[in-house]
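Visitor: Pasting in a structure now, in C-alpha cells, and then I'll have a few things to ask.
The values are calculated or read from the model by the stated rules, or taken from the named source; none is laboratory data. Computed from a prediction, not measured in an experiment: that's the story for all the values here. Please note: Cβ atoms are built from the backbone with ideal geometry, for glycine as well, and neighbour counts cover all protein chains shown.
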Amino acid sequence: YDDRDGMIWMDGKLVPWRDANVHILSHALHYASSVFEGERAYNGTIFKSRAHSERLLNSGVALDMPIPYTVDEIEAAKIEVLQANGLTDAYVRAVAWRGAGEDMGVSSMKNPVRMAVAAWGWGAYYGDAKMKGAKLDIAKWKRPSPETIPTHAKAAGLYMICTMSKHAAEAKGFSDAMFFDYRGYVAEATGANIFFVKDGEVHTPDPDCILNGITRQTVIGLLREKGITVHERHIEPGELEGFQQCWLTGTAAEVTPVGVIGDYSFEVGALTRDIAETYEKLVRA
Ligand code: PMP
C-alpha cells in the first residue's frame, strides 16, 4: 500500500504518500512500541472522532509512550488528511510509534515518539458477509490477561495473535476468527467485538481483557434506548449453542451479522438487521 498518490500527515506536516517512510532501526519495528486507531469518516465527518483521539493518547500512556500532540491537534491532523486527499467517506488510520534513537535496545526512552495519519476509501470489512453472516473460526490463541499486557490499549503487540488467527481462519475458508480469553470465556474477534441474542435479550462479553470498542459502546447505548436488555458478562463456551443470533461490532466491521462460529450457526435475525440499520443511520446522521 506504499506506491500510490495521496498525502499522509507525518510528525506535524503533510508528505507525499510514497515518502511516508520510517527507518529500519525504528524501535516499533523491533519491539512493538506502536499504538493506533481505526476510524471511519461518513459524509466528511469522522464518527466519534474525539473518542478515537483520546483512546490513541491513552494507548500511548499505557505503553509509557506519551504522544506529543493534544486531542485538538490530532483532530486537526485528521481533517487536514481528509481534505488533502479529497475524501468524505474513508477509513482513517492514526498511528504513533517509537522511532529510531541513539542506540538500539529494549529501552526506548531516547527514541522519539512519532505519529502519522493516513486515510483512504474503504468498503465493507467483511464484504459479502455483511448481509449473509460472517463465518468465524475459533482461534487457537487466547486473549491474554490484563496482567500480561495492557489489554485496554489498541497496541500493535496485541495484534500478533490476531494476524496469526486470521491467517489460520482464512486458510480454512472462514472470514475471521473468534477468541476465547485466558480464562476460557468468549472474548472477541480479531478486529471486532461480539454480541449474542437469546430470547430477545443481548449478551456481550465484559470488556475486562478485550478492547472496549467505541462501536461496542455505541451499540449497547442504541440497544438500551430501544428498551432491549443488554447483559455485559462472562460468557462460557457452552452457551454458544443456545444463542440464536450473533453479530460483530467495530469501526471497520460496523455491525456485521455472524452466521457461523466453528460448529455453531446463527440466524441473521430481525434484531441483528435492526441494530445494523440503526447504527448505519446514526453514523451518517
Ligand atoms: N476488538 C479489537 C481487537 C479491535 O481491533 C477492534 C477494532 N478497533 C475492536 C474490538 C472494535 O473497536 P472499535 O469499535 O473501537 O473500532
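Visitor: Pick from Ala94, Ala116: which is crowded, with 21+ Cβ neighbours inside 10 Å and not in a helix (DSSP H, G or I)?
Guide: Answer to the check: Ala94.
Visitor: Does Phe243 meet the test of being of a type in the set (Phe, Trp, Tyr), farther than 29 Å from Ile46 by Cα and either in contact (Cβ under 8 Å) with a residue 40 or more places away in the chain or surrounded by 22 or more Cβ atoms within 10 Å (Cβ to Cβ) (or both)?
Guide: yes
Visitor: Quick check on Val255: is it under 23 Å from Ala139 (Cβ atoms), out of contact with any Cys (no Cβ under 9 Å at 6 or more places or on another chain) and of a type in the set (Val, Ile, Thr)?
Guide: Yes: the conditions hold for Val255.
Visitor: Something else about it: For segment 130-172, which residues satisfy the criterion of being assigned to a loop (DSSP other than H, G, I, E, B) and modelled with pLDDT of 95 or more?
Guide: Listed by number, the residues that qualify are Pro144, Ser145, Pro146, Glu147, Thr148, Ile149, Pro150, Thr151, His152, Ala153, Lys154, Lys172.
Visitor: So, one more: When you go through Ser49, Ser59, Ser53 one by one, which is the residue that is under 20 Å from Asp11 (Cα atoms) and without any contact (Cβ under 8 Å) to a residue 40 or more places away in the chain? Can you show your working first?
Guide: Numbers: Ser59 fails: without any contact (Cβ under 8 Å) to a residue 40 or more places away in the chain; Ser53 fails: without any contact (Cβ under 8 Å) to a residue 40 or more places away in the chain.
Every option except Ser49 fails the conditions.
Visitor: Enumerate the pairs (first residue in segment 161-174 and under 12 Å from Leu136 (Cβ atoms); second residue anywhere and assigned to a loop (DSSP other than H, G, I, E, B)) with beta-carbon separation below 7 Å, excluding pairs fewer than 6 apart on the same chain, so at least 6 apart or on different chains.
Guide: Going by the 7 Å Cβ cut-off, the qualifying pairs are Ser165/Thr190; Lys166/Thr190.
Visitor: Tell me the strands (runs of 3 or more DSSP E) entirely within segment 1-86 that contain at least 1 residues that are within 16 Å of the ligand (Cβ to nearest atom), in contact with a Lys or Arg (Cβ under 7 Å, 6 or more places away or on another chain) and among the charged types (D, E, K, R). Working first, answer last.
Guide: Values: elements: 7-10, 13-16, 34-42.
Where strands (runs of 3 or more DSSP E) fall fully within segment 1-86 and carry at least 1 residues being within 16 Å of the ligand (Cβ to nearest atom), in contact with a Lys or Arg (Cβ under 7 Å, 6 or more places away or on another chain) and among the charged types (D, E, K, R), they are 34-42.
Visitor: Since Gly191 meets every condition but one in (1) closer than 24 Å to Lys166 by Cβ; (2) in contact (Cβ under 8 Å) with a residue 40 or more places away in the chain; (3) more than 10 Å from the ligand (Cβ to nearest atom), which condition does it not meet?
Guide: Gly191 satisfies all of (1) closer than 24 Å to Lys166 by Cβ; (2) in contact (Cβ under 8 Å) with a residue 40 or more places away in the chain; (3) more than 10 Å from the ligand (Cβ to nearest atom) except (3).
Visitor: When the residues of segment 216-233 are filtered to those that are surrounded by 16 or more Cβ atoms within 10 Å (Cβ to Cβ) and within 21 Å of Pro146 (Cβ to Cβ), which remaining residue is nearest to the ligand (Cβ to nearest atom)?
Guide: Checked segment 216-233; the qualifying residue nearest to the ligand (Cβ to nearest atom) is Arg216.
Visitor: If you check Asn212 against the conditions, is it modelled with pLDDT of 95 or more and surrounded by 23 or more Cβ atoms within 10 Å (Cβ to Cβ)? Show your work before the answer.
Guide: Working: modelled with pLDDT of 95 or more: yes; surrounded by 23 or more Cβ atoms within 10 Å (Cβ to Cβ): no.
No.
Visitor: Separate question: Please work out which one of (1) over 15 Å from the mean Cα position of the chain (by Cα); (2) within 11 Å of the ligand (Cβ to nearest atom); (3) of a type in the set (S, T, N, Q) is the condition Thr204 fails and give its number.
Guide: (2)
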